[in-house]
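*Asks:* Provided herewith is a single structure, encoded as structure tokens, for subsequent inquiry.
No value in this document is a laboratory result; all are computed from the given coordinates. Everything quoted here is computed from the prediction, not taken from an experiment. Ideal geometry is used to build each Cβ from the backbone, glycine not excepted, and the neighbour counts take in all protein chains shown.
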Amino acid sequence: MKKLVVLILALCMLCSAAFAAELNWSDAEENASQIAGEFKTFDEISVKIWIPDTLQALELSDEDRENGYIGYFAADEENGVAVQYVNMNGMSLEEYAAELKEDAEVSELETGTVNGLPALSYMLKEKDVACVAFTTEMGYILEVACGKMSAESLAAVVPFIISSIQSAK
């Protein structure tokens, strides 16, 4: 029972901190180890992300790949984590943030860092999806979208997923 209380408190701290402070996997790793999961490496971008076992990898269609998706992990038909890598013609994170500010669906836009990588977090309020985005040296945007956040089982692991995003090198 004590481990469960510690896990819940850690999740609350991670969620409430958002990007007010830097997120680091080393701060979340011990609590995440209480949940079965493993790192998935995306070789095309040399990034790895911890994915809990409750999310199953789905096969991507050719259309998904054309739209920049490089991974999709589903909890059920409505909830999951999507990893997308999109050519934004060299757009900086600041330019991407400015573009997102124009979108009425975007809320809670914040900048910060995840494992030393400059990042941008935001919510798609109508879709109930939390997103974190990074720019790459190749001029692409790496975006990890997690939703629906109203699904308690998914919302409980999203802080660990986001804090795990790091270079695979």
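*Asks:* Sort 40-49, 76-85 by packing, meaning the average of other beta carbons within 10 Å per residue, with the highest value first.
*Replies:* 76-85, 40-49
*Asks:* While we're on this one: Residue farthest toward the positive end of the dipole of the chain, with Cβ of Lys/Arg at +1 and Asp/Glu at -1: which of A32, S121, V83?
*Replies:* Of the listed residues, the answer is A32.
*Asks:* How high is the relative contact order of the range 10-169, in percent, with contacts defined as C-alpha pairs under 8 Å that are six or more residues apart?
*Replies:* Relative contact order of the range 10-169: 27 percent.
*Asks:* Same structure again: Roughly speaking, what is the stretch gain from E59 to A156, that is 0.36 nm per residue apart minus the C-alpha to C-alpha distance, in nm to one decimal?
*Replies:* Taking E59 through A156 to full extension adds about 32.5 nm, to one decimal.
*Asks:* Dipole size in debye (nearest 20) for the chain around its Cα centre, Lys and Arg Cβ +1, Asp and Glu Cβ -1?
*Replies:* Result for the chain is approximately 720 debye, rounded to the nearest 20.
*Asks:* Here's another thing I want to ask about it. Please work out how many pairs of lysine residues in the range 27-169 are eight or more positions apart (or on different chains) and have Cα atoms closer than 16 angstrom.
*Replies:* Within the range 27-169, the lysine pair count is 6.
*Asks:* Only one of the listed values, [x] 48; [y] 23; [z] 54, was derived from the coordinates as percent of Cα pairs over 26 Å apart; which label is it?
*Replies:* From the options [x] 48; [y] 23; [z] 54, the structure gives [y].
*Asks:* Which of the listed residues, T111, L58, S163, is farthest toward the dipole's positive end in the chain, when Lys, Arg count +1 and Asp, Glu count -1 at the beta-carbon?
*Replies:* Value: S163.
*Asks:* Another question, if that's okay. Among residues other than K148 whose Cβ falls under 12 Å from its Cβ, what is the net charge (Lys/Arg +1, Asp/Glu -1)?
*Replies:* Cβ neighbours under 12 Å give a net charge of -4.
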